[in-house]
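One structure below.
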Amino acid sequence: MLDNQFNFSYIFATRNRLPFLKITLGKLLETVLPDEEIVVVDGNSTDGTKEYLQELFKQGKIQQYISEPDKNQAHGWNKAMLLAKGTLIKKIIDDDVFCYAAIRECKNYMLVNEAVDVCISNSLTVDLLNPEKVEENTRLPYFKEWKSGNVKSFTFSDVYLMIRKSSLSLIGLYDTQFRMLDWE
């Protein structure tokens, strides 16, 4: 593989969330592959996040890292997407749990199927007060209703989104006027 050529970019946008970031990023660092890069945009944290990320960057464990004030969360994510060098981009939220094996199945599918610009999955949710109760969430019925022309739009969370970087010019970046990105 040529220098600075990645098939896949994991992107993080974070600010003052060091305890969560250490867990989520730590799990990823255990399994990251040579064709994958990790991009972290820190919104000028003051809780030790900046120093933690600087050390990981110095050690070569994350490939790209910046720490500077952001206008808001959307601005941080936009910077991360634009910095990403991978053919595909996967947003990693610092306080969620991800199955990297499943992510890689989607990655491999999209790399083989170049006409696919976006991949989105179902999710499992757990209530912290009732951890035995696991529920599956799916947006598939809403997507099918939209595809049939019965509704103009449907909502889904971008937490589950994998995107082909070249499609950013078609779909655009996050609108920085929105405060809750999941509902943009």
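Okay, here's what the table says:
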read-out: With DNA, RNA and ligands ignored, accessible area of Lys27 (1.4 Å probe; Å², nearest 10); value: 110 Å²
read-out: The chain, helix-only ellipticity at 222 nm - DSSP H runs n ≥ 4, -39,500 (n - 2.57), divided by all residues, nearest 500; value: -9000 deg cm²/dmol
read-out: Euclidean distance of C-alpha centroids, the range 53-74 and the range 3-35, integer Å; value: 10 Å
read-out: Cβ-placed point charges (K, R +1; D, E -1), dipole of the range 20-95 about Cα centre in debye, nearest 20; value: 140 debye
read-out: Pairs beyond 26 Å (Cα-Cα), from Lys107/Lys147; Lys79/Lys144; Lys71/Lys152; value: Lys79/Lys144; Lys71/Lys152
read-out: Relative contact order (percent, whole number), the chain, Cα cutoff 8 Å, 6+ residue spacing; value: 24 percent
read-out: Spatially proximal aspartates and glutamates relative to Lys133 (Cα-Cα < 20 Å; intrachain offsets below 8 disregarded); value: Asp95, Asp96
read-out: Principal-axis tilt of helix 49-58 within the chain, Cα atoms, nearest 10 degrees; value: 70 degrees
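The values are calculated or read from the model by the stated rules, or taken from the named source; none is laboratory data. Remember, it's a predicted structure, so these values are computed and weren't measured experimentally. Every residue, glycine as well, gets a Cβ built from its backbone with ideal geometry; the counts of neighbours run over all protein chains shown. What goes into the accessible areas is simple: the full protein's heavy atoms, side chains included, and nothing from ligands, DNA or RNA. Shrake-Rupley method; radii C 1.70, N 1.55, O 1.52, S 1.80 Å.
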